[in-house]
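The values are calculated or read from the model by the stated rules, or taken from the named source; none is laboratory data. Note that this is a predicted model, so its numbers are computed, not measured. Ideal geometry is used to build each Cβ from the backbone, glycine not excepted, and the neighbour counts take in all protein chains shown. Surface areas here come from the heavy atoms of the whole protein model, side chains and all, with no ligands, DNA or RNA. Shrake-Rupley method; radii C 1.70, N 1.55, O 1.52, S 1.80 Å.
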Amino acid sequence: MRGMRANRILIHLGLILVVLLSVVLSWFIWTNPAHYEKTKQQSSRNSNVVQSEQSNKSVGDIYLPTQVIYHQSDTSSYLINNTNVSLTDSIRSAIQKWHLRGVTRKSINSRKAYENLVARDNTVMLKYPDNVTSGILNDAFDQETRFSGKFSRIVFSVDKRNEVYLLNDENYAIYKVRTTNQNLAQIKELLIGKVQRFAVSETLINHRLMTNYENEVKVPEYSYLVNKQTAAYFVSTLMDSDNASSVTTKEQKGKTIYNDSNSKRMTVNNKRDIVFYEDLSGQQSYHTGMSSTLSKSFKVLKQMEVPLDNMRYYHYNAKNNSVVYRSYVEGFPIFNQTEYGTVEVQMTGARTKEIDFSLYSLQIPVPTGKERTILPSTQTVLDRLEAVGYKLSDIKNIEIGYQWTANPSSDLVVNLTPTWYVNYKNQWISYQKLIEQQP
């Protein structure tokens, strides 16, 4: 017991020292008379570092599936996670050696056929948070498929070759992919290695295949040192303006608004450190296809020069041509960092866009010394919501995620607290908040 207590004291002392060092360095920077010019120079150096990292990021790195479900039999189905390496990235490397070619639609609008395929024994399901297209499949897995459908699930057998399917929850479409050169033994090794297993089932609710955790789930809490980028950094990367004289600045009700001579505007919420960028020359009636929007939004993401190490594709909105990207930790998405996601890119014209994002990005995890948080099963959460008056028909999805909250001890640290998030009437709200406010 004494040893454990001593370890916790050392952990907390280490965290305090790191925070104090960061505070001292920040104070030195901001009290230096030439801090503005040095901040611009630092932004330039940071930009070069991030730019170098971004050049190595591909579409496949951001458009990776976020969950791996291994369905062994009628009574055993697991969400598989590896805390040491990215399991989806490892599986992607294996699939890149396969040959995926012809795509044939096998079924559509048949819930029974859809559920039967999902329940097949000895299959792996790679789940995207939302639909993607064949172009994304080809880029992410280095393939050459051609078809016009959308999908959010990749299902394949670990026993039988040439049994690969693409699934679309919205219309229960099932596409079979002609596949050769499969090394299924390599996949099996990845699934039975040093991994975490959560007992789950897949349930269709409101045309959404939901991962249903059968039991309580223990999820670690994290604290992270964060990097707060300057507004000047994004003025340079987004407004194409290294010349400060071409950008005008004004303060308005807790916000700083930057304008340039090219109809571009960037508004910084100084209280929440959230940025809204807009190209005012955009055409609000502009619409384009899903493949084009996904591709263009990724290019915008790289041009922004935000860190992409933990970033994943999360949602596509056809109504306004927007794409949401979220940060992920240990396979779970982060909520509350910004209003709708970590970054939301809306294409408003052929070369124009609107972007919502945060000035903060995660840097270094620090231990909290806390026990893992115990979250109730999916069914328990749904039962409690229904008991206080919520209609299940208004719930589009539910998943475990991390809530981004400020650390009261330091602005340089954020807490990531695991909880259930519910997509209620098309808004992601924490389970606790829904219970507190009730309908």
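Report relative contact order for segment 291-439 in percent, whole number only (criteria: Cα-Cα under 8 Å, sequence separation at least 6). Can you show the working numbers first?
Working: 206 pairs, mean separation 25.1, N = 149.
So the answer I get is 17 percent.
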Among the lysines, which have Cα under 17 Å from the Cα of residue 97 when same-chain residues fewer than 8 positions away are ignored?
160, 188
For residue 106, go through the lysines and keep the ones whose alpha-carbon is under 17 Å away, minus same-chain ones fewer than eight residues off.
150, 176
Could you order the peptides 226-232, 426-432, 370-376 from most to least packed, using the average number of other C-beta atoms within 10 Å per residue?
226-232, 426-432, 370-376
Assuming a strict under-27 Å limit between Cα atoms, what lysine pair count do you get for segment 298-428 once near-sequence pairs (fewer than 8 apart, same chain) are dropped?
11
Gain upon complete extension [residue 108, residue 86; 0.36 nm per residue less C-alpha separation]
4.7 nm
Would you calculate the separation in nanometres between label points at residue 432 and residue 227, each defined as 7 Å from the Cα along the Cα-to-beta-carbon direction?
3.0
For residue 218, which aspartates and glutamates qualify as cross-link partners when the Cα separation must be under 15 Å and same-chain residues fewer than eight apart are set aside?
330, 371, 399
Multiply the residue separation of residue 373 and residue 248 by 0.36 nm, subtract the distance between their alpha-carbon atoms, and state the gained length in nm to one decimal.
40.3 nm
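Ranked highest first by average number of other Cβ atoms within 10 Å, how do 362-368, 71-77, 134-140 line up? Intermediate values should be presented prior to the final figure.
Details: 362-368: 15.9, 71-77: 13.3, 134-140: 20.9.
Answer by packing, highest mean first, reads 134-140, 362-368, 71-77.
Of the peptides 165-172, 85-92, how do they stack up when ordered by the mean number of other Cβ atoms within 10 Å, highest first? Working shown, then result.
On the way: 165-172: 19.1, 85-92: 17.6.
So the peptides 165-172, 85-92, ranked by packing, come out 165-172, 85-92.
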Accessible area per residue, 1.4 Å probe, Å², for segment 356-433: what's the number?
48
